[in-house]
1. Between segment 269-310 and segment 9-82, how far is it from one alpha carbon centroid to the other, in angstrom?
2. How high is the FRET efficiency from Leu252 to Arg194, r the C-beta distance, R0 22 Å, rounded to 0.05?
3. So what are the ³J(HN,Hα) numbers for segment 294-307, from phi and the Karplus equation (6.51, -1.76, 1.60; θ = phi - 60°), rounded to whole Hz, Gly and Pro as x?
4. Counting only the backbone N, which residues of segment 243-284 are under 12 Å from the spot 7 Å out from the Cα of Glu221 toward its beta-carbon?
5. Please compute the length gained on full extension between Leu70 and Asp234, using 0.36 nm multiplied by the number of residues separating them and subtracting their Cα-Cα distance.
6. If exposed GluC sites (Glu not before Pro) are those in a DSSP loop with at most 16 other Cβ within 10 Å, what is the longest stretch of the chain that has none?
7. Report, in deg cm²/dmol and to the nearest 500, the calculated mean residue ellipticity at 222 nm for the chain, where each DSSP H run with n ≥ 4 adds -39500 (n - 2.57) and the sum is divided by the residue count.
8. How much length is gained on full extension from Glu30 to Ser61, taking 0.36 nm per residue of separation minus their Cα-Cα distance?
Amino acid sequence: MTPKTALLTHPDCLTHVTPDGHPEQVARLEHVLYALQPLDLAREIAPLAADDDILRIHPASYLADLRRALPDEGQRALDADTWMSPGSLDAAFRGAGAMVRAVDMVLGGEAPNAFAAVRPPGHHAETDTAMGFCLFGNAALGVKHALDFHELNRVAVVDFDVHHGNGTQDLLWDEPRALVISSQQIPLFPGTGRSNETGAFDNICNLPLPPNSEGTLMRREYRDKALPRLRDFDPELIIISAGFDAHADDPLAQLNWSTDDFAWLTAEICAVAADVCGGRVVSTLEGGYDLNALSAATRAHVHELMKAAT
């Protein structure tokens with residue numbers, strides 16, 4: 001049987017409801033799933049993460065705070081950008097569970113690579129702070145699960161969301177077995193992600209990109225800096241924080257990438273993975289707020305994962 005890219009999702013991820021007009025809306029995942037529906041993927045129901053999974057990266061006090069903040073009805077603001085509704089924690093636990101299950105599937109040989117179509121996103125959630133629409137640090141959880149549970153020695157994250165993954169950086173800053181490569185528009189929320197932020201073990205590689213620089217600069221920066229650094233690290237698994245808000249049509253930023261830029265970058269990451277870790281890649285959805293651009297870029301991303309899986 002031809003190996004297939006795994007797609008992990010769950011209807012609970014549609015029950016995280018933000019206020020009207022909020023960019024991180026239910027329709028994002030609906031559009032992504034519609035775009036991926038025709039593709040020949042190994043579809044998997046995302047399980048709920050266990051508390052012990054969350055506690056790999058977040059303290060028990062943080063989890064308790066989120067449970068206390070969960071509203072019985074309506075929405076509650078954790079900050080100006082980050083909201084909870086009655087279904088938000090179930091959605092977040094499914095997103096974290098999707099990452100754990102995807103890592104298990106790829107490292108266990110059940111799938112050559114995987115994509116978690118989940119929300120809320122995760123890469124802004126710091127050790128004990130929800131922010132930037134995010135509750136749990138899904139990418140960092142995948143790294144820690146692979147390192148601690150599967151006893152890998154080296155896991156890399158590549159984050160190409162237009163906003164810096166400050167949460168992933170915070171959660172893995174002191175982890176010498178992890179390399180975090182992140183490209184982002186600077187200046188832009190959350191204000192971190194400059195090249196002098198290098199981690200406790202020189203394990204953070206930030207690629208700040210100026211507004212209106214377009215995909216040409218991105219490709220050069222990845223070719224010259226990020227991809228060689230990724231290859232030299234020789235990871236046993238690559239995790240992608242796949243945000244699509246660098247797209248030219250996205251309303252929240254100005255990097256002006258094309259859908260083809262996302263396809264190119266995905267293919268390049270997969271090519272490194274094919275050379276160094278048997279093609280083992282796990283990707284999770286982060287940002288992307290123009291619904292049509294998000295759909296097209298996500299489909300292009302997953303299509304490249306599918307090509308790499310054959």
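Each value in this text was obtained by applying a stated rule to the coordinates, not by laboratory testing. Note that this is a predicted model, so its numbers are computed, not measured. Using ideal geometry, Cβ is built from the backbone for each residue, glycine included, and neighbour counts are taken over all protein chains shown.
1. Centre-to-centre distance over Cα atoms comes out at 20 Å.
2. Calculated value: 0.65.
3. Taking θ as phi minus 60°, the curve returns 4, 4, 5, 5, 5, 4, 4, 4, 5, 4, 5, 4, 4, 4 Hz for segment 294-307.
4. 246, 254-257
5. 54.9 nm
6. Answer - 152-310.
7. Result for the chain, helices only: -11000 deg cm²/dmol.
8. 7.9 nm
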